[in-house]
Amino acid sequence: MEEQTEKMNRETDREYSDTNPESASEREDRTNLQEDTEKTSGNFAQSDNVSDDVKTEAKAEESGAKEKADGGNDDAGNSAKEQSAEEKYARLNDSHLRLMAEFDNFRKRTLREKADLIKSGGATVLTNLLPVIDDFERALNTLHATEDITSVIEGVKLIYGKFTAYLSQQGVKTIDATGQPFDTELFEAIATIPAPEEDMKGKVIDCVQTGYKLYDKVLRHAKVVVGE
């Protein structure tokens with residue numbers, strides 16, 4: 001920019017000199033004017049450079065401030081994420097502890113209810129057996145006071161029928177043994193004898209002790225004699 005200004009001044013001086021001859025004082029004034037113009041142009045150029053430097057520094061400061069702001073936002077975001085993770089862990093841990101406590105209470109309550117059920121179930125069975133015991137006591141008293149054995153026998157049969165009927169109501173049934181094929185799931189062989197008939201081989205000849213089942217479960221195996 002300075003070179004262009006100086007060139008323009010020289011061309012102006014040349015044109016002016018060709019058309020208007022000047023005195024020494026005028027030439028000196030013009031020279032001084034040119035120097036002032038050059039200084040002013042130099043100052044403008046320096047001012048432009050300073051302005052450019054100021055703009056560059058301002059941009060750099062603005063960029064730095066933006067980076068700091070972005071860094072601050074990142075730190076704040078990371079801190080918020082860590083706090084959120086800690087809160088989530090605390091909620092899950094609290095929920096887990098509550099669930100374990102509830103399960104432990106449920107387990108204890110179930111065991112207690114089961115024990116109470118077993119006790120009450122046994123009490124119910126014994127309560128319903130008490131009338132049978134009362135009948136046996138009356139039968140024993142009758143044996144000492146009567147000479148009619150037939151009536152005593154009938155009374156005992158009635159008591160026995162009452163007792164078996166109660167067992168049947170509770171799901172207890174006798175196991176049929178005599179004449180049945182020998183089955184180790186139901187019978188216990190205590191002896192073997194020659195079969196009186198060919199078709200009785202491997203079958204129960206006699207039942208020494210009656211077996212019982214509770215529904216489909218064997219309570220006691222029947223003790224039997226098996227033919228061979």
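The values are calculated or read from the model by the stated rules, or taken from the named source; none is laboratory data. Please read these numbers as outputs of a predicted model, since none were measured by experiment. Cβ coordinates were reconstructed from backbone atoms using ideal geometry, including for glycine residues, and neighbour counts include every protein chain displayed. Heads up: the accessible areas ignore ligands, DNA and RNA and are worked out on the full protein's heavy atoms, side chains in. Shrake-Rupley method; radii C 1.70, N 1.55, O 1.52, S 1.80 Å.
Some notes on this structure:
- Qualifying positions in the range 216-228 - at pLDDT 90 or above and either open to solvent by 60 Å² or more (accessible area, probe 1.4 Å) or among the charged types (D, E, K, R) (or both): Lys217, Leu219, Arg220, His221, Lys223
- Pair list, Cβ < 9 Å and 6+ apart or interchain, from the range 171-192 residues that are farther than 16 Å from Val218 by Cα to residues that are open to solvent by 60 Å² or more (accessible area, probe 1.4 Å) and in a loop (DSSP other than H, G, I, E, B): Thr192/Glu228
- Taking the conditions (1) open to solvent by 50 Å² or more (accessible area, probe 1.4 Å); (2) out of contact with any Gly (no Cβ under 8 Å at 6 or more places or on another chain); (3) among the hydrophobic types (A, V, I, L, M, F, W, C) in turn, Leu167 satisfies each one other than (1).
- Applying a threshold of 7 Å to beta carbon distances and a minimum spacing of six or more residues, or different chains, the list of pairs starting in the range 115-132 at a residue that is of a type in the set (Asp, Glu) and ending at one that is in a helix (DSSP H, G or I) is empty.
- Selection from the range 214-228 of residues that are in contact with a strand residue (DSSP E or B) (Cβ under 9 Å, 6 or more places away or on another chain) and part of a strand (DSSP E or B): Leu214, Val218, Leu219, Arg220, Ala222, Lys223, Val224, Val225, Val226, Gly227
- Answer residue from the range 144-161, given it is open to solvent by 80 Å² or more (accessible area, probe 1.4 Å) and within 30 Å of Lys173 (Cα to Cα) and is modelled with the lowest pLDDT among those: Ile149
- Index of the failed condition, Leu129 passing every other in (1) over 21 Å from Arg220 (Cα atoms); (2) open to solvent by less than 100 Å² (accessible area, probe 1.4 Å); (3) not charged (D, E, K, R): (1)
- Residue satisfying all of: in the range 193-213; within 10 Å of Val224 (Cβ to Cβ), assigned to a strand (DSSP E or B) and not aliphatic (A, V, I, L, M); least open to solvent (accessible area, probe 1.4 Å) among these: Cys207
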